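Below: one structure, written as structure tokens.
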Amino acid sequence: LTQDELKKIAAYKAVEFVESGMVLGLGTGSTAKHAVDRIGELLRQGKLTNIIGIPTSKKTQEQAISLGIPLSDLDSHPTIDMAIDGADEVDPHLNLVKGRGGSLLREKMVEGACKKFVCIVDESKLVKYLGGSGLAMPVEVVPFCWKFTAKKLQNLFRDSGCVAKLRNDCKGEPFVTDNGNYIVDLYLKKDIGDLQVASDAILRIAGVVEHGMFLAMATTVIVAAGNGFFFFWH
Ligand code: DER
């Protein structure tokens, strides 16, 4: 099974939790894409009705529109029944790293408003501790003096060998989020220890908008494993 087939297995399993009449947070990324496609298909077949989608990015909004999924927003639906979204890393306590697709702020707003957040991953996302993949731990920052903010972030985790890098787009320009901000990616060499302490410290930096650690937010994680089976953590 390819990684994408595993993502699809996890996504389709999550959509089995969806009931007609639900207000749904629609995630962003290649795994969530399968879930949104599946929801569109079930709506088209009449197997799901009266669904309202709350997209977590402009990209997902466009995908949902193309599938005919009725959409709304948090202003109209401050409480959401369930969100389905992927993750970049999952630790044994169901803490997540998200945002490598650049949508972490709207994802965290939507998923923070949900009664249930079903996270869908293939097994390659499982880590011993957040940052453990050695890949990016995203932080959304305001463009104003981003170097100043990046230095403060790098300093904060210097004991974990942190390197902070501005995320660029494919043209080598700074990547700009749906909200007009930049992303500074943190690359860590060691466990940053207490995640809540780290989260609070990051958010105390004035130029920081939000970070990609989703602590104690996922209510269920569906993991698609190589042999085609999946398992639930919750
Ligand atoms: O950027 C994001 O937050 C995505 O949801 C990411 O966490 C998972 O993306 P993937 O499903 O393409 O791996």
**Message:** Only one of 110, 141 is touching a Phe, Trp or Tyr at 6+ places or on another chain (Cβ under 6 Å), touching a residue at least 40 places away in the same chain (Cβ under 8 Å) and within 23 Å of residue 206 (Cα to Cα). Can you tell me which?
**Reply:** 141
**Fill in**
If we take the stretch 128-190, then strands (runs of 3 or more DSSP E) inside it with 1 or more residues that are at pLDDT 95 or above and open to solvent by less than 10 Å² (accessible area, probe 1.4 Å) are 137-141, 182-187
**Prompt:** What do you reckon, is residue 193 open to solvent by 30 Å² or more (accessible area, probe 1.4 Å), within 24 Å of residue 124 (Cα to Cα), of a type outside the set (Phe, Trp, Tyr) and not in a helix (DSSP H, G or I)?
**Reply:** yes
**Message:** Pull out all pairs, ordered by first then second residue, where Cβ-Cβ is under 7 Å, the residues are six or more apart or on different chains, the first lies in the stretch 208-225 and is open to solvent by less than 10 Å² (accessible area, probe 1.4 Å), and the second is basic (Lys, Arg).
**Reply:** 212/98; 214/98; 214/108; 222/13; 224/7
**Message:** Among the residues that make up the stretch 56-69, is at least one of them within 14 Å of the ligand (Cβ to nearest atom), of a type in the set (Val, Ile, Thr), surrounded by 22 or more Cβ atoms within 10 Å (Cβ to Cβ) and in a strand (DSSP E or B)?
**Reply:** no
**Request:** Report, by residue number, each residue of the stretch 7-37 that is hydrophobic (A, V, I, L, M, F, W, C) and open to solvent by 10 Å² or more (accessible area, probe 1.4 Å).
**Result:** 9, 17, 18, 22, 23
**Prompt:** Looking only at residues in the stretch 74-90 that are part of a loop (DSSP other than H, G, I, E, B), surrounded by 15 or more Cβ atoms within 10 Å (Cβ to Cβ) and more than 16 Å from the chain's Cα centre (by Cα), which one is farthest from the ligand (Cβ to nearest atom)?
**Reply:** 77
**Fill in**
Note on the stretch 91-125: residues more than 10 Å from the ligand (Cβ to nearest atom) and in a strand (DSSP E or B) are 114, 115, 116, 117, 118
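The values are calculated or read from the model by the stated rules, or taken from the named source; none is laboratory data. Because the structure is predicted, anything quoted here is derived from the model rather than measured. All Cβ positions, glycine included, derive from the backbone under ideal geometry; neighbour counts span all protein chains shown. Accessible surface is based on the protein model in full, side chains and every heavy atom, while ligands, DNA and RNA are left aside. Shrake-Rupley method; radii C 1.70, N 1.55, O 1.52, S 1.80 Å.
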